[in-house]
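The values are calculated or read from the model by the stated rules, or taken from the named source; none is laboratory data. Note that the structure is predicted; figures quoted are calculated from it, not measured. Cβ placement follows ideal geometry from the backbone for every residue including glycine, while neighbour counts extend to all protein chains displayed. Note: accessible area is taken over every heavy atom of the protein model, side chains too, but ligands, DNA and RNA are not part of it. Shrake-Rupley method; radii C 1.70, N 1.55, O 1.52, S 1.80 Å.
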Amino acid sequence: MGIPLRALIIEDSEDDAKLIARELESGGFDVKYQRVDSPEALRRACDSQEWDLVISDYSMPHFSGTEVLKFVRSRHMEAPFIFVSGTIGEETAVAAMRNGAQDYLTKGNLKRLMPAVQRELRELEEKKERDRLQKHVQQLQKFEAIGRLSGGLAHDFNNIIGAILGWAELGYEETPLDPKSANDFKRFAINRIVPRN
């Protein structure tokens, strides 16, 4: 049993899609793929499930590889996108990679497919791990900021309480002639400041 791989193949030729799936299987993947060849079928496939990999022909009767790439990237799909085409030129392929494709290769050179897929899946996993670690760091920074804030508030609160207690103690010491005020200060200052034994 190979590594599970859900592949969306945008291809007008069923035979070419089978060849691509076979190449993936020979590389150790347990491939579950869906072939689509129209914008409506692509939309339904993208709505139906998450995909691990998107492979697209560049030139098809119903729509172009450029349209496919734009649509897939507009859906914020993280799956690697690889063009496998018989008609894509180098200049067009470079432009496609600038627009979000990870790689391109010709149908006559499917031996490059496995290294490209393995590399892109590995890079996607590394990106997900970096994102997860970044979120964890951000959470820790939030907790640290909360800790600093609460520590600062506790410090300020202790300063205020210290000042109040200091004034209460001074008031107690400076009002020995007035028994009622002295008793009030004594109750506040002594009972609150000096712990009972």
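When Lys127 is evaluated against the numbered criteria (1) over 20 Å from the mean Cα position of the chain (by Cα); (2) open to solvent by 80 Å² or more (accessible area, probe 1.4 Å), which criterion, by number, is the only one it fails?
The failed condition is (1).
Taking Arg43, is it within 17 Å of Arg6 (Cα to Cα) and open to solvent by 30 Å² or more (accessible area, probe 1.4 Å)?
On the way: within 17 Å of Arg6 (Cα to Cα): yes; open to solvent by 30 Å² or more (accessible area, probe 1.4 Å): yes.
Against the criterion (within 17 Å of Arg6 (Cα to Cα) and open to solvent by 30 Å² or more (accessible area, probe 1.4 Å)), Arg43 qualifies.
In segment 42-142, which strands (runs of 3 or more DSSP E) lie fully inside it and hold 3 or more residues that are farther than 19 Å from Gly28 by Cβ?
Numbers: elements: 53-56, 81-85, 103-106.
So the answer is 81-85.
Looking only at residues that are open to solvent by less than 60 Å² (accessible area, probe 1.4 Å) and of a type in the set (Asp, Glu) in segment 91-124, which one is farthest from Thr66 (Cα to Cα)?
Here the answer is Glu120.
Considering (1) free of Cβ contacts under 8 Å to residues at least 12 places away in the same chain; (2) of a type in the set (Asp, Glu); (3) in contact with a Gly (Cβ under 7 Å, 6 or more places away or on another chain), say which one Asp57 fails and leave the rest.
Here Asp57 meets the rest and fails (1).
Within the bounds of segment 72-81, is there any residue that is buried (at least 19 other Cβ atoms within 10 Å of the Cβ) and over 19 Å from Ile3 (Cα atoms)?
yes
Is it true that some residue in segment 30-40 is under 14 Å from Ile9 (Cβ atoms), basic (Lys, Arg) and surrounded by 14 or more Cβ atoms within 10 Å (Cβ to Cβ)?
So in segment 30-40, the residues under 14 Å from Ile9 (Cβ atoms) come out as 31-38.
Applying the additional criterion that residues be basic (Lys, Arg) yields 32, 35.
Remaining after also requiring surrounded by 14 or more Cβ atoms within 10 Å (Cβ to Cβ): 35.
Yes: segment 30-40 contains one or more residues that are under 14 Å from Ile9 (Cβ atoms), basic (Lys, Arg) and surrounded by 14 or more Cβ atoms within 10 Å (Cβ to Cβ).
Please verify whether Thr87 is modelled with pLDDT under 85, farther than 22 Å from Arg122 by Cα and buried (at least 16 other Cβ atoms within 10 Å of the Cβ), treating the condition exactly as stated.
On the way: modelled with pLDDT under 85: yes; farther than 22 Å from Arg122 by Cα: yes; buried (at least 16 other Cβ atoms within 10 Å of the Cβ): no.
Spelling it out, it is not the case that Thr87 is modelled with pLDDT under 85, farther than 22 Å from Arg122 by Cα and buried (at least 16 other Cβ atoms within 10 Å of the Cβ).
Can you name the condition, by its number, that Ser26 falls short on among (1) open to solvent by less than 40 Å² (accessible area, probe 1.4 Å); (2) at pLDDT 90 or above?
Failed condition: (1).
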